[in-house]
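Taking it in order: structure first as structure tokens, then the write-up.
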Amino acid sequence: MQKDLADKTKAWDTILGSLGNKGKDMRTWSKRDGDGNYFHAESSGKIIIFSQSKETPPCKIDFPRPITYEDFERVANMFNQYLTREVKRKDVKGWNTSYIISLIARLL
């Protein structure tokens, strides 16, 4: 499942376009556990907003969480190393890392 993330701007734009302003409900994904709970992601201009999904089982997201390109870039820089277990998700600092990993895994 390696992803071509050499052009991170293109990858970010692809994800923004895939989500659109109505967004998508999708499941979290991790190398260890596979599919997890549902969350909602939508694009709003040049940011992505994560929120609670109406699908079950939902992730617990108490209030909308915006992420920027810089948040995405930080996770994208380690995504393929995460897949090969060279780094762990917790090694990448950030509150929304698992959601960003899921976007990369599911939309690219």
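No lab work stands behind these numbers, since they all come straight from the coordinates. Keep in mind it's a predicted model, so treat the numbers as computed, not measured. For neighbour counting, all protein chains shown are included, and Cβ atoms are generated from backbone atoms with ideal geometry for every residue, glycine included.
Put in line by how crowded their Cβ is, counting other Cβ atoms within 10 Å and starting with the fewest, Ile104, Ile47 read Ile47, Ile104. Over the chain, Cα pairs under 8 Å with separation of 6+ residues give a relative contact order of 28 percent. Any of Lys10/Lys60; Lys24/Lys46; Lys24/Lys90 with alpha carbons more than 21 Å apart? Name them for me. From the list (Lys10/Lys60; Lys24/Lys46; Lys24/Lys90), the Cα-Cα distance tops 21 Å for Lys10/Lys60; Lys24/Lys90. Dipole of the range 8-107 computed with +1 at Lys/Arg Cβ and -1 at Asp/Glu Cβ about the Cα centre; of Asn77, Val87, Thr9, farthest Cα towards the positive end is Val87.
The trypsin sites (Lys or Arg not before Pro) of the range 52-108 meeting both criteria, a DSSP state outside H, G, I, E and B (loop) and at most 10 other C-beta atoms within 10 angstrom of the site's C-beta, are Lys54, Lys60, Arg85, Lys93. On the beta carbon distance between Lys46 and Asn80, with R0 = 25 Å, the FRET formula returns roughly 0.55.
Taking Cα centre as origin and charging only the Cβ of basic (Lys, Arg, +1) and acidic (Asp, Glu, -1) residues, the dipole magnitude of the chain rounds to 220 debye. Bridging of Lys93 to aspartates and glutamates at a Cα separation below 19 Å is possible for Glu70, Asp71, Glu73, once same-chain residues fewer than 8 apart are set aside.
Let me know the shape class of the chain, please: from the alpha-carbon gyration tensor, a ≥ b ≥ c as square roots of the eigenvalues, rounded when a/c is under 1.5, otherwise prolate if a/b is greater than b/c, or oblate. The shape class here is oblate. Dipole of the range 8-107 computed with +1 at Lys/Arg Cβ and -1 at Asp/Glu Cβ about the Cα centre; of Ile101, Ser51, Ala41, farthest Cα towards the positive end is Ile101.
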